[in-house]
Amino acid sequence: MQSRMGVNGLVSGSRRWIVWIIAVCAISAGAYFVVPALVPDRLVQAQINKQIERWSGGAFTLRDDADITVEPGFRVVVSNPAFVSRTNVDAAPVLTTDTIIAPLKIVPLLMGRVEIAELVLLRPEIDLRMSGRPFAAPAQQQVEGETSKDQMPQLGEVIFVDGALRLTDAVGDQNISGLNMRLGADALTEAVVMRGDAFIGPQHLRFDLQLDNLRALVSDLGTQARMNVRVGPRHQSEPGEDITPNPAPPYEIADKLWQAAGRLGLSRGGFGAVTIEGTFSVTPHTVAISDATFSVGGVDIDGHLRAETEDQTVIAKLLSLPVTVNAFVAHATQMDDRRWTDIPVKMAWLDDLDLDIALAGEDLAVGGLTVDTAALSVAVGDRAMSLDLSGAAEGIGQIEAQVALEQVPSDGVRLMATGGVENMSAGEVTQFLAAMGPPPLIGTAQLPEGTMNGLFNVGADGETLGQLLNSLKGSVTAQLTDGSLVGTDLVTTLETLHAGRKFMTQEYGPLIPAAGRTQFDQLDARIDFASGVASLSEVEITGEHFGINMLGEVLMSEGTMNIGGNAVLLSAPETVASPSDAIVDLPFGVGGTLFAPVVAPGVPVVTAERIDAYADDR
């Protein structure tokens, strides 16, 4: 009997649990399907507007004709929505999107309140072509502390999926595609995080922005922020897009520049990661980053950046710059390799932009060099650009350079560049540069060492790269003292010729210089530029027992060389290299290109009567 009662009790308890489970499922199903249908559209639209207005500071609102549907599963779907300015709802919308998906918070909804968990915008399009439109309205009172944090509205997450930015540049209307972004805020503070990525032509841009106060960001006061930007190659293109990589400039310069960039921590696919920490301010026509630290390639430098526009929004202008560069590259790639000189040089892409950048740092590790101090400033305005660079390093020396570009009435560009080096260690610099270039065809690269002083002053005018090169005029002068040519012992080589060595015959092979080092007292050089030709007006190297002089030309547009010279073995030390003092005179020629030179020795002249005098000196 007791057993039967126990079984009956167990069955009865199980039935009650089953009833409860069925009731809960029924209620849940009813809530899942019925409750959303009871939510008024106006409350949903009010909540969406509340989120947008919180993020924008009340600048934008959802247009009234949006089609709002509350679907089963507590999900709101808004079809063909558009966001317009609250002060001018009839104006063209600043943001349109195919669909908005907005999940509702379940617990508040069951308690009779409508709250949005997040806003997901599918394929949004942000129009930056209209002047004066901010992303958000500043709230100066909040920034200045007249509103407590407890009164600040909580910001829900906003997610952009496969969006686009529409902007205008020097080429015309352009789009930045593939924008995916998440906007989130801390529930207890005013801190905001913006994280996402986008495609700009052949480049894939990833960004991460963390800031203390959104309202302060969009005011003149600014807010403390940290931004990380990473640019890399884009592997897939959209239909109709051309993401052809940058064309190779003449005589392999592109490879050399990329090798140099690699020494600075940059890659061929992009400039890697750049991190900026400082005070950020973004208004419709001004972007300012002050008291900032810029980090790239393991190098930290301090400085500021300020960009201003008058007509279009400054964000649109800055975003249009890489788009303009990509359009320029696409145009260049369609040209025949031999017509690179026809690539136009314009400054229209800088119209309506005032830019001020100043950077400075100390103890910077750049590639294999350590720079004690360095400073860089860039100014852009009124279709002109100027760049000032200075640096100094112990054991390496000092460098200063000023470069200016300006638009001329003929729609071309005028280039002016001046500067110099002082007490520069040629050995340190040439070793750094040699690591970037190709190995020589034969033997070891002849790299001068010593202490160098030099000046340059050049200018050019033109509408294309070729015209700039052909109009280049000015000069470069340099002097090296107490240096050496590394890789060959010129004196020993000339002595073998004096001893009767033969070469370039059926029995003997080419003249191969003796390995070693050639010490010299002084090297003087001058290069003059005119009519597309770089003329070696003076190259003279003097040492204790030898002398070298060279004259010739380099055709700028092709990089080809035609240089002739003489290497002489002197009869006595400390004499001036002249035919009367030479016991061996070896003529030579240099041809090929700047990056692949070819040296061809001529027939040496040996003066026998100088033998005894030379032997006594040795």
Scan segment 293-306 and give yes if some residue there is modelled with pLDDT of 90 or more and open to solvent by less than 30 Å² (accessible area, probe 1.4 Å), otherwise no.
yes
Go through (1) open to solvent by 30 Å² or more (accessible area, probe 1.4 Å); (2) at pLDDT below 85 one by one and return the number of the condition G559 breaks.
(1)
Among the residues in segment 33-43, are any small (G, A, S) and modelled with pLDDT of 75 or more?
no
Condition first: at pLDDT 85 or above and open to solvent by 30 Å² or more (accessible area, probe 1.4 Å). Now tell me which residues in segment 479-497 satisfy that.
Q479, T481, D482
Counted residues in segment 535-553 being touching a helix residue (DSSP H, G or I) at 6+ places or on another chain (Cβ under 7 Å) and free of Cβ contacts under 8 Å to residues at least 40 places away in the same chain come to 0
In the set L405, L415, the lone residue that is buried (at least 17 other Cβ atoms within 10 Å of the Cβ), over 24 Å from T309 (Cβ atoms) and at pLDDT 90 or above is L415
State which residue is modelled with the lowest pLDDT when the search covers only segment 378-392 and only residues that are under 13 Å from L355 (Cβ atoms) and surrounded by 16 or more Cβ atoms within 10 Å (Cβ to Cβ).
R383
Scan segment 186-193 and give yes if some residue there is at pLDDT below 65, more than 22 Å from V78 (Cα to Cα), out of contact with any Lys or Arg (no Cβ under 6 Å at 6 or more places or on another chain) and among the hydroxyl-bearing types (S, T, Y), otherwise no.
no
Cβ-Cβ under 8 Å, sequence separation 6+ or interchain: first residue in segment 301-320 and in a loop (DSSP other than H, G, I, E, B), partner open to solvent by 60 Å² or more (accessible area, probe 1.4 Å) and of a type in the set (S, T, N, Q). Which pairs?
D311/S131; Q312/S131; T313/S131
Which residue is farthest from V314 (Cα to Cα), if the candidates are limited to segment 284-300 and must be over 16 Å from the mean Cα position of the chain (by Cα) and free of Cβ contacts under 8 Å to residues at least 24 places away in the same chain?
T293
Give the residue that is nearest to T293 (Cα to Cα), with candidates limited to residues of segment 348-365 that are in contact with a strand residue (DSSP E or B) (Cβ under 8 Å, 6 or more places away or on another chain) and open to solvent by 40 Å² or more (accessible area, probe 1.4 Å).
A360
If only one of L122, L104, L109, L62 is open to solvent by less than 60 Å² (accessible area, probe 1.4 Å) and at pLDDT 85 or above, which one is it?
L122
Selection from segment 510-528 of residues that are assigned to a strand (DSSP E or B), β-branched (V, I, T) and open to solvent by 30 Å² or more (accessible area, probe 1.4 Å)
I527
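The values are calculated or read from the model by the stated rules, or taken from the named source; none is laboratory data. What you see is a predicted model; the values in this text were computed from it and never measured. Ideal geometry is used to build each Cβ from the backbone, glycine not excepted, and the neighbour counts take in all protein chains shown. Note: accessible area is taken over every heavy atom of the protein model, side chains too, but ligands, DNA and RNA are not part of it. Shrake-Rupley method; radii C 1.70, N 1.55, O 1.52, S 1.80 Å.
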